[in-house]
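**Student:** Dropping a structure here in structure tokens format, bear with me for questions.
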Amino acid sequence: MGNVNYLEDPAVVIFDSDGNVKRNSETIGNLVCLEGDEKKIPYYDAEKGFHKISNPGWIIFDLREPKPISYIRFLLWDNCGSGKKQSSRRRYLYRLLIADDASVSESNCKELKWEVVYDTLYNGSNGWQEFFFESSPRQIRYIKLYFINNSRDQYTHLVNIQAYEYPTLQLYNYSKGISDEWESKRHKSVLGKRRKVKEKTMEMAQPIHGLINNRIIVGDQPGNLECGISLNIYEQVSLMIEQITNATSETELTHIKSDIAERLKELHTIDKELQCFQHSIYYPVIRDMKRQRVRLRVITLCSSLALAISILQCMFDMKTLLSAPAVHHWLQNLYLFIKELAANWA
């Protein structure tokens, strides 16, 4: 089969938070399309060639079964798809998550345990995003991109995404501290001495045609990357158990462990509720504030136009009033009265 892009498999299921799925969305289907013998991504510009997702939102790729993957890359719109050299200044904030097969929870319901591979925090970017699991390929079935923000508008524009068992040769050498120049010299010296060179046991992924603006090499990963208050408290509780073990009886220790386990469950639930609160309240409020700013600008513009029209109308009405015969006759008499008064005063 070789080192192919797993996401090009027609059996892969793709769906996003806006309700789009692969079978009824042409742009989702094009996300994994590559063209030509060198496997280049198709043409894209400011109007087409990408899939648009509302922020905050997500897109999930289901490979239908776990696959050995050590290399994931995807392209966020960068204004360079139509041959332009100048990259866009927009910045996308996102998280990359992975999961293996769904596990059965205590309530006998299958659920996914997502692992956060990377979070941009406040340092967003566009262009190609590369991720390499350096230690060994991971067994991955689900790949999720959670999009948080775009510095220009409220959408994220995903052009292409790929997942391979092995990375590009350039990234592999980069992770090992081997430069391309050194590698080419080494091969020349080996060939010059007529030594047999063993072929690499792994076929590398196709090189990237485009700008790489974010390159992440992920080392050994712990089994659980859950973040939040529950992980910190779990570490504290584990330390407490180690300290108590030598000072209490087995019965008391069992009781303490069960009590701590219950507290951990409560804290984990609170952590999830806080994250849900952030997603359901915080981000929609920000999005609504953006809409309110747009509305205020429109109202301000309309108010300014109405004020200008009122001033023009007032000026027109004043001119009409002054040109009326009765008013003109009154002003003429007033002028004569002031003139006579000035003459008598002199």
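The values are calculated or read from the model by the stated rules, or taken from the named source; none is laboratory data. Keep in mind the model is a prediction, meaning the values are calculated, not measured. Neighbour counts are summed over all protein chains in view; Cβ atoms, including those assigned to glycine, are modelled from backbone coordinates with ideal geometry.
**Student:** Select from the stretch 144-158 the residues that are over 8 Å from the mean Cα position of the chain (by Cα) and under 14 Å from LEU31 (Cβ atoms) and write down the one among them that is surrounded by the fewest Cβ atoms within 10 Å (Cβ to Cβ).
**Tutor:** LYS144
**Student:** Looking at the stretch 91-104, is at least one residue crowded, with 17+ Cβ neighbours inside 10 Å, modelled with pLDDT of 90 or more, touching a strand residue (DSSP E or B) at 6+ places or on another chain (Cβ under 8 Å) and in a loop (DSSP other than H, G, I, E, B)?
**Tutor:** Taking every residue of the stretch 91-104 in turn, at least one turns out to be crowded, with 17+ Cβ neighbours inside 10 Å, modelled with pLDDT of 90 or more, touching a strand residue (DSSP E or B) at 6+ places or on another chain (Cβ under 8 Å) and in a loop (DSSP other than H, G, I, E, B).
**Student:** Kindly check whether there is at least one residue in the stretch 163-177 that is more than 17 Å from ALA205 (Cα to Cα), hydroxyl-bearing (Ser, Thr, Tyr) and modelled with pLDDT under 95.
**Tutor:** no
**Student:** Evaluate the following for GLU183: is it at pLDDT below 90, assigned by TED's automatic domain parsing to the domain that holds GLU65, in contact with a helix residue (DSSP H, G or I) (Cβ under 8 Å, 6 or more places away or on another chain) and closer than 21 Å to PRO66 by Cβ?
**Tutor:** no
**Student:** Does ILE140 satisfy the condition of being touching a residue at least 60 places away in the same chain (Cβ under 8 Å), crowded, with 18+ Cβ neighbours inside 10 Å and more than 26 Å from GLN206 (Cα to Cα)?
**Tutor:** Taking the combined requirement at face value, the residue does not satisfy it.
**Student:** I'm trying to understand the selection: among the residues of the stretch 1-29, which are among the polar types (S, T, N, Q) and either assigned to a strand (DSSP E or B) or touching a residue at least 60 places away in the same chain (Cβ under 8 Å) (or both)?
**Tutor:** Matches in the stretch 1-29: ASN3, ASN5.
**Student:** If you don't mind, there's one more thing I want to ask. Checking ILE59 against (1) part of a helix (DSSP H, G or I); (2) within 19 Å of the chain's Cα centre (by Cα), only one condition comes out false. Which one?
**Tutor:** (1)
**Student:** Take SER175 and decide whether it is more than 12 Å from the chain's Cα centre (by Cα), farther than 30 Å from LYS290 by Cβ and in a loop (DSSP other than H, G, I, E, B).
**Tutor:** no
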